[in-house]
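Since every read-out is calculated from the coordinates, none of them should be taken as a lab result. This is a predicted model, so every value here is computed, not measured. We place every Cβ from the backbone using ideal geometry, glycine too, and count neighbours over all the protein chains shown.
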Amino acid sequence: NTGKLWGGRFVGGPSPELEALSRSTHFDWRLGLYDLAGSHAHAKALAAAGLLTAEEEAELHRGLDALAERFVAGTLLPDPSDEDVHGALERLLIEEVGPDVGGKLRAGRSRNDQIATLFRCYLLDHSLAVGGLLLDLVDALAGQAETHLGPGIGAVMPGRTHLQHAQPVLLSHHLLAHAWALLRDVDRLADWRRRVESDSPYGSGALAGQSLGLDPELVARELGFTGSTANSIDGTASRDFVAEFAYVAAQAGVDISRIAEEVILWATKEFGFVRLHDSWSTGSSIMPQKKNPDISELARGKAGRLVGNLTGLLTTLKALPLAYNRDLQEDKEPVFDSIDTLEVLLPAFTGQVATLAFDTARMAELAPQGFSLATDIAEWLVREGVPFRIAHELAGACVRECEQRGIELHELTDEEFAAISPHLTPAVRSVLTVEGSVSSRNGRGGTAPERVAEQLSELRARVADA
Ligand code: ARG
């Protein structure tokens, strides 16, 4: 009993070099419990088809349970001679229940339909774990948004386009923009699950299906799927479910990296928008004064790794002929890595976000600078009946005047405004404050405090539903 699942037609064993290349137990062992669950379900299907007696079936379930117990305890280990998790577990099962019963379990299934099923089960579980961690980050952003909403208009900041001051916005509005992007990633995972849950490939065999009268729907139900694969070739050869998962992981990584980049900038002396919590930042081995945003930098770096995993996978899949090819064994490590990466990154990143201390006075001081209220002048003129094309010119003339003299828009006198245009009456001052500017953007989705409060409730309702 060597754990080798083939050999009948071979004279002599495989070379050690081939074995070393072929072996996958160092990464597919993590699918062990899913493989055992698949075997339980398959034993039921064999018994239902009359291919196992009740005693044999019971003995198989007992043996599989015994292996699961040792697997969980960490005492069940693959042997170097095992090619993959499937071969290793068959060898160990035969050690447990003997070759007569143990040797019956492989009938009507192939490692090709096994792996396609187990991998789905593993990803389904981890999609829930990763989704939960993403929701924790959404909660942390929502918590910070709520803290900085009011009293009054709440915390403001310079909103930017092209990284240049553009228009003042509420800090809460800005933080929630990140939360919505992450919520879409959670939604993508749910959408992915709907497709994968209904598609159990067990019963596809190597590629052509099975001839033993087994019921794939029975196996599907046992494993928590809502249905089985309609085409056995598709069931064993497709890996778009892996690539799609890797895409969502990469997209989440990219979304996180955009927050990370801002935290890194905000924590600089030049910005001075945030202070990092001591427990969520790091020091330098030589420069005693340093406090570094390592969590954000690692997040930014790991986004590259997540994109790389997706790219590698798609490259492996490109132009692969149907049906199963051993190339497909290369599908696991990248997506395992994506999951491990997000599962270690997200708790740290969420902790960092939840403990950011914003210097709201500094942000408020900078919010109106860089002529960020120029659009407010133009839109005020529009409300006074001036065509926008002219209003834009006049507001631009105000900026030009201020820039030459090194002052901000609100520092222009009434006379100076009037000299630029008689339309610019002293009433224009009502919009020359950050409060006035922010409060005036009160259409749905805008940065006015009441709209942001509404938005926060909408987001929270979506989180509760997710
Ligand atoms: N370990 C393989 C994989 O991960 C499954 C085994 C299929 N091997 C085979 N020779 N058909 O894809």
Kyte-Doolittle mean at least -0.5, axial Cα span of 20 Å or more - DSSP H helices of the chain: 32-48, 54-73, 111-147, 171-197, 240-266, 294-317, 332-354, 388-405
Size of electric dipole in segment 369-465: Cβ of Lys, Arg +1 and of Asp, Glu -1, about Cα centre, debye, nearest 20: 380 debye
Computed [θ] at 222 nm, deg cm²/dmol, the chain (DSSP H ≥ 4; -39,500 (n - 2.57); rounded to nearest 500): -20000 deg cm²/dmol
Rough spin-label spacing in nm, given labels placed 7 Å along Cα→Cβ, for GLN289 and ASP327: 5.6 nm
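Just to confirm a number: summing +1 for Lys and Arg and -1 for Asp and Glu over residues other than ALA43 whose beta-carbon lies under 9 angstrom from that of ALA43, what do you get? Can you show the working numbers first?
Working: positive: LYS44, LYS104; negative: GLU56, GLU57.
Summing Lys/Arg as +1 and Asp/Glu as -1 gives 0.
What FRET efficiency comes out for the pair SER22/VAL254, r = Cβ-Cβ distance, R0 = 30 Å, nearest 0.05?
Working from the Cβ atoms, E equals 0.30.
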Separation in nanometres of the label points that stand 7 Å from Cα toward Cβ, at ARG429 and GLU384: 1.4 nm
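If we count every other residue with Cβ under 11 angstrom of ALA323's Cβ, Lys/Arg +1 and Asp/Glu -1, where does the sum land?
Numbers: positive: none; negative: ASP113, ASP234.
Combined, the nearby Lys, Arg, Asp and Glu give -2.
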Nearest-20 debye value, the chain charge dipole, Cβ charges on Lys, Arg, Asp, Glu: 500 debye
For ASN292, residues with placed amide H under 5 Å, excluding near neighbours: THR282, GLY283
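Inverting the mean 1/r over all pairs of different Cα atoms, compute the Kirkwood radius of the chain and quote it in Å.
Numbers: mean 1/r = 0.0378 Å⁻¹.
26.4 Å is the Kirkwood radius here.
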Lysines with Cα under 27 Å of LYS318, excluding same-chain neighbours fewer than 8 positions away: LYS302, LYS332
Cross-link partners of LYS104 among lysines (Cα-Cα below 19 Å; sequence separation of 8 or more within a chain): LYS4, LYS44
Sites GLN369 and ALA348, calculated FRET efficiency, Cβ-Cβ separation with R0 30 Å, nearest 0.05: 0.35
Contour excess over end-to-end distance, with Cα ends at HIS61 and ALA49 and 0.36 nm allotted per residue: 2.7 nm
Spin-label pair THR268/SER211, simplified geometry with 7 Å Cα→Cβ offset, distance in nm: 7.0 nm
